[in-house]
1. What's the center-to-center distance, using Cα atoms, between segment A:184-244 and segment A:44-71 in Å?
2. Under a cut-off of 19 Å between alpha-carbon atoms, report the aspartates and glutamates in cross-link reach of A:K79, not counting same-chain residues fewer than 8 places apart.
3. Quick one: what are the phi-derived ³J(HN,Hα) couplings along segment B:237-250, Karplus 6.51/-1.76/1.60 with θ = phi - 60°, whole Hz, x for glycine and proline?
4. Considering all projection directions equally, how large on average is the shadow of the alpha-carbon convex hull of segment B:133-261, in square nanometres?
5. If you average the sequence gap of Cα pairs under 8 Å that are 6 or more apart and divide by the length of segment A:25-110, what percent do you get for the contact order?
6. Where in chain B is the longest stretch that carries no chymotrypsin sites (Phe, Trp or Tyr not before Pro) classed as loop by DSSP and with at most 14 other Cβ atoms within 10 Å?
7. What does the convex hull of the alpha-carbon atoms of the protein assembly as shown project to on average, in nm²?
8. Once phi is turned into θ = phi - 60°, what whole-Hz ³J(HN,Hα) does the Karplus curve with 6.51, -1.76 and 1.60 give for every residue of segment A:157-166, x standing for Gly and Pro?
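Only the coordinates and a few stated rules stand behind these numbers; no lab work does. Note that the coordinates shown come from a computational prediction; the quantities given were computed from them, not determined experimentally. Neighbour counts run over all protein chains shown; Cβ positions are idealised from the backbone, glycine included.
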Amino acid sequence: MSRPALETRELNKSFGALAVANNIDFRLEVGARHALIGPNGAGKTTFINLITGRLQPSSGRILLAGEDIAGLSQEARVKRGLGRTFQINTLFRGLSVLENVTLAIAERQGVAGGIFRVAGAYRRVAEEAYALLERLRIAEDALKPVRELPYGRQRLVEIAIALGLKPKVLLLDEPAAGVPTPESAIILDLVERLPAEIAVLIIEHDMDLVFRLAQRITVLVQGGVLVEGTPAEIAADARVREVYLGERRHD
Amino acid sequence: MATSPPKVPSPVDILLRRRRLRPIETLPWAIAVAVYFAFPTYLPLGTEILIMVLFALSLDLILGYAGIVTLGHAAFFGVGAYTAGILAANGWSEPTSGLVAAGLMAGIVGVVSGFIILRTHGVTLLMLTLAVVFMLHEAANKAGFITGGADGLQGMVVDPLFGAFRFDMFGRTAYLYALAVLFLAWLFARLLVHSPFGRSLTGIRENVTRMHAIGSPVHRRLVAIYAISAVLAGIAGGLLAQTTQAVALTVVTFERSGGILVMLILGGAGRLYGAFVGAPAFMLAQDTLAKSDPVYWLFWIGLMLVLVVMFARGGILGLVDAALHLARRLRR
Ligand SMILES: Nc1ncnc2c1ncn2[C@@H]1O[C@H](COP(=O)(O)OP(=O)(O)OP(=O)(O)O)[C@@H](O)[C@H]1O
Ligand SMILES: [Mg+2]
């Protein structure tokens, strides 16, 4: 098998006595569409936070394109091609949509620290940001402050910021969570049309959606990988069904 | 795109246009020049106001833009004042190089202290900024042989500016000197806040989690702006020392840190011009209230502050914005 875009080996994380990541061995292939599912509190978001460096693992290795990134800062990981969205919108609420994306692209292009003679560079950044908004069909909101947009539109800004980083590995934490159905279709459509070379890991609760998007599915339960396989294998798996049926009985 | 009329500015144009100078931005300078001619007997007060505007402007860069809440800004003001003062009292009487030295020393203190304390947040950070002021205050007090300690620094000699303009007893030279320095600082601050660097500071203030997630070197940016702000605050302190030809321990106190914070909040933080409104408003109110009501003037200042933070979060400029907004809505 070729070298995966992202890999974790025996990744562990505990909050006190609670093990939220339990020896996670995980591979995300280049260009993959991979779903991470599991009940609430399984540790899915924590897993993403460990990969991006927002949280430090208790032990284990994280490899991005074969290189160990576990000791790197969040910034350095982003520079190496790791992009993410947040389960709960994490945006510059007082700034316009255009500027939200502009900030991200300025960082990627390395012009974000400039003070002098930056007008030309900044225009190129803003133009790229605007083109991205057009591609995501949110250009008409470009100048609106993010906080004035409905939640579903804000979710698109989340994705736009991540795409502005031109990541090689994109981690989507429930991109359609809290979004009404018509808008969630737009988001899905967008995820489906992402450039093929980006490796995408998507956390999602909606099973229809997962089966529509994913080529591979990993099921996480109580911080550990329960099973990993193709959608057909996961659908047929008795343990998975038990977890989900048990879950539904609680709801 | 080809079908749209060419006159309509694109959103990108509108975003970039913010940098352009608006006519209203010349108003503070017109007023400052007018004051010079209209109130020749008030120039010492005017000079002090200009210095406080510069000090408040430096604070706005870290508080208003980067969102660093500090009670320690007097540390840099004090370092600048003592640097300029000690140089002038020990034979280095040329003012512009003394002012540069004041800025540099404050900047060094800014880099070192910022590097350490800006890893913390919230109340911890607030307490650490305050601790720096206390430590420097005590250092200045103890080092009496060079700072004059509690008696203040005496014996400063300040040469004529550029070898030609004597610091006269009416304070004309001092006023124009302070005005010129403030103008240069404003040009720089204005450039800075509209630059990608300045916008990234706003990003840090708005959502630091997201800044990390887009690969921004947050700590480095914060230390950089902290140091830049310290340089400007140090220059303000240096100006005070040179124009009053004295330095007292009050330059580096909690009161001075708090006072400048009040001035900025009063004017409106994070809008570049809050300093230009808040510092004069505060200083003039202080001047008139202290004369008309010498016992309770602090009470009135306090009341003013309560009203601003409760009903006008954006300060005086925020109120002006709201009024203009309302007027525009009514006209429609
Ligand atoms: N900072 C923290 N400190 C302590 N416990 C935490 C922390 N963050 C998360 N947890 C706990 O870790 C567990 C996993 O949380 P996580 O957010 O990763 O779950 P999840 O699978 O993303 O759930 P959901 O589907 O609800 O988003 C939960 O029990 C949560 O309460
Ligand atoms: Mg989660």
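1. 20 Å
2. Reachable aspartates and glutamates: A:E7, A:E67, A:D68, A:E107, A:E128, A:E158, A:E197.
3. Karplus values, whole Hz, x for Gly and Pro: x, x, 4, 4, 4, 5, 7, 9, 6, 7, 9, 10, 4, 5.
4. Values: hull surface 41.1 nm².
Its Cα hull, projected and averaged over all orientations, spans 10.3 nm².
5. Details: 36 pairs, mean separation 14.6, N = 86.
Answer for segment A:25-110 is 17 percent.
6. Details: sites that count: B:F162, B:F170, B:Y296.
The answer is B:1-161.
7. Numbers: hull surface 134.8 nm².
Averaged projected area of the protein assembly as shown's Cα convex hull equals 33.7 nm².
8. 5, 3, 5, 4, 4, 5, 5, x, 7, 6
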